[in-house]
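Student: Shown below is the structure under consideration.
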Amino acid sequence: MDFHGRLKKDEPLSKHSTLRIGGPTRFWVEVKTLVELQRVIDLANQEGLPIEVVGLGSNVLFSDAGFDGVMLRLSGQLAEWNILDDGLVQIGAGAINSHLVKALLKNGLIGAEFLVLIPGTFGGAVAKNAGTKNDEISSILKSIQIIALDQPRKVISMSATEINLSYRHSELPERSLVVGGQIQLSRGDTVIAASKVREDKDNRSKTQPYKLKSVGSTFANPPGDYAGRLIEAVGLKGTRVGGARISEQHANFFINEGNASSSDFLMLMAMAIVRVQAAFGIELRPEVCFVGFDGWKQLDHLVKTYTDEGLDG
Ligand SMILES: Cc1cc2nc3c(=O)[nH]c(=O)nc-3n(C[C@H](O)[C@H](O)[C@H](O)COP(=O)(O)OP(=O)(O)OC[C@H]3O[C@@H](n4cnc5c(N)ncnc54)[C@H](O)[C@@H]3O)c2cc1C
């Protein structure tokens, strides 16, 4: 099978995360068809290599230690979309949200505009039930198609309700990946919808450091509150650990200032968790995904160390 340069060995993962952090992955493979995807999964399984999938890496922290396995990105046919009947749209998981919305509006379909503010792919949006304060994937998603990593030959359809989408969370079956899905949109005034998109984008750039290296919101908002407000209230705005800094503009955005390591980022997260817990009794839940390493374990360890020894310990 010829991947025409789409299979890379020891590819730096930092190139595939908006945070620009991450060591090498043993293999990086961009797959363009279902057959390619199934073949790569078979090969990885034969070699006993772990497999992970990412979209645009806009919600991902990779480790500086890299990943000793196969990191997949879906593109080509797996990023195409097709308008079916009555506003039903079939979308490949690798489709890039902003491109998708542009095409949908061109075809007179409205209802997915919120995705423009989410700099990722459709698969990533399903996995995270991505959304804004206006809307989220769960309100338009009808069904998905997944493949199980242990049995890649079979494409399994599931209804959206089966994956229990909740705030920035889905319950996809373990060891599976999304290859596509269907959303339900409606016909409507695309001129108004497009101008609303421009307005939302303008508002975002005023309130969030949209162009800096980050994963967007580092923590999910706790019920009835905002992670950014809590982190700011405990005085952490602008705090730096190594090359990572909590944004002055929005305290839930943690920025890589150029040479941040995954440990710098995790340390900042631990500081925020410990300080917010101590001041408000609220446990911040990471929204960022740890891919290819056990970030939860490292974070728990840092939180415990800080709690036991104090933040300066
Ligand atoms: C500036 C900025 C602003 C942001 N604003 C928002 C916002 O308003 N709302 C919001 O919800 N998010 C926001 N985010 C976070 C991020 O864009 C979303 O979570 C997005 O949905 C991630 O998509 P992705 O394709 O980049 O996924 P990735 O970040 O690459 O992956 C995220 C997770 O999804 C999994 N995944 C990816 N593709 C698949 C697949 N095909 N099958 C199974 N699992 C998969 C990955 O393994 C990983 O666990 C923002 C990020 C940035 C940098």
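The values are calculated or read from the model by the stated rules, or taken from the named source; none is laboratory data. What you are looking at is a predicted structure, and each value in this text was computed from that prediction instead of being measured. FYI the Cβ positions are ideal-geometry reconstructions off the backbone, even for glycines, and counts take in every protein chain you see.
Student: Among the residues of segment 97-116, how many are outside any helix (DSSP H, G or I), of a type in the set (S, T, N, Q) and crowded, with 19+ Cβ neighbours inside 10 Å?
Tutor: Number satisfying all stated conditions: 0.
Student: Let me ask another. Starting from residues that are hydrophobic (A, V, I, L, M, F, W, C) and under 17 Å from Ser157 (Cα atoms), keep the ones in segment 85-98 and report whichever is nearest to the ligand (Cβ to nearest atom).
Tutor: Across segment 85-98, the extreme among qualifying residues is Ala93.
Student: Here is a further query. Whether any residue in segment 171-189 is at pLDDT 95 or above, outside the structural domain of Leu84 (by TED's automatic domain parsing), within 17 Å of the chain's Cα centre (by Cα) and surrounded by 17 or more Cβ atoms within 10 Å (Cβ to Cβ) is what I want to check.
Tutor: no
Student: Quick one: Ala194 ticks every box in (1) farther than 21 Å from Val303 by Cα; (2) of a type in the set (A, V, I, L, M, F, W, C); (3) at pLDDT 95 or above bar one, so which box is it?
Tutor: (3) is the only condition that Ala194 fails.
Student: Within segment 37-63, track down each residue that is crowded, with 20+ Cβ neighbours inside 10 Å and within 14 Å of Asp2 (Cα to Cα).
Tutor: Leu37, Val40
Student: Considering every residue within segment 70-80, establish whether at least one is more than 13 Å from the ligand (Cβ to nearest atom) and either assigned to a strand (DSSP E or B) or in contact (Cβ under 8 Å) with a residue 24 or more places away in the chain (or both).
Tutor: yes
Student: Residues in segment 203-240 that are at negative phi, in a loop (DSSP other than H, G, I, E, B) and either within 16 Å of the ligand (Cβ to nearest atom) or buried (at least 16 other Cβ atoms within 10 Å of the Cβ) (or both): how many?
Tutor: Of the residues in that region, 17 qualify.
Student: What do you reckon, is Lys142 modelled with pLDDT of 95 or more and closer than 18 Å to Leu56 by Cβ?
Tutor: No; evaluated as a whole, the condition is false for this residue.
Student: Among Gly69, Gly94, which is the only one that is in the same structural domain as Leu117 (by TED's automatic domain parsing) and buried (at least 16 other Cβ atoms within 10 Å of the Cβ)?
Tutor: Gly94 is the lone residue from the list that is in the same structural domain as Leu117 (by TED's automatic domain parsing) and buried (at least 16 other Cβ atoms within 10 Å of the Cβ).
Student: Sticking with this structure for a sec: Look at segment 1-37 and say how many of its residues are more than 18 Å from the chain's Cα centre (by Cα), of a type in the set (A, V, I, L, M) and in a helix (DSSP H, G or I).
Tutor: Of the residues in that region, 3 qualify.
Student: Kindly check whether there is at least one residue in segment 50-61 that is away from the ligand (no atom under 11 Å from the Cβ), touching a residue at least 12 places away in the same chain (Cβ under 8 Å), outside the structural domain of Phe290 (by TED's automatic domain parsing) and among the β-branched types (Val, Ile, Thr).
Tutor: So far as segment 50-61 goes, no, none of its residues is away from the ligand (no atom under 11 Å from the Cβ), touching a residue at least 12 places away in the same chain (Cβ under 8 Å), outside the structural domain of Phe290 (by TED's automatic domain parsing) and among the β-branched types (Val, Ile, Thr).
Student: Of all residues in segment 165-202, count the ones that are in a loop (DSSP other than H, G, I, E, B) and either away from the ligand (no atom under 14 Å from the Cβ) or without any contact (Cβ under 8 Å) to a residue 40 or more places away in the chain (or both).
Tutor: Residues in segment 165-202 being in a loop (DSSP other than H, G, I, E, B) and either away from the ligand (no atom under 14 Å from the Cβ) or without any contact (Cβ under 8 Å) to a residue 40 or more places away in the chain (or both): 8 in total.
Student: Moving to a separate point now. From the list Arg168, Arg175, pick out the single residue that is in contact with a helix residue (DSSP H, G or I) (Cβ under 6 Å, 6 or more places away or on another chain) and either over 19 Å from Gln90 (Cα atoms) or not aromatic (Phe, Trp, Tyr) (or both).
Tutor: Arg168
Student: If you don't mind, another one. Quickly run through segment 117-130 and pick out the residues that are more than 6 Å from the ligand (Cβ to nearest atom) and either crowded, with 23+ Cβ neighbours inside 10 Å or aromatic (Phe, Trp, Tyr) (or both).
Tutor: Phe122, Val126
Student: So which pairs qualify, if the first residue must be in segment 206-227 and in contact (Cβ under 8 Å) with a residue 24 or more places away in the chain, the second must be of a type in the set (Phe, Trp, Tyr) and within 10 Å of the ligand (Cβ to nearest atom), the Cβ gap must be under 6 Å, and the two must be at least 6 apart or on different chains?
Tutor: Within 6 Å, the pairs are Pro209/Phe253; Ser214/Phe253.
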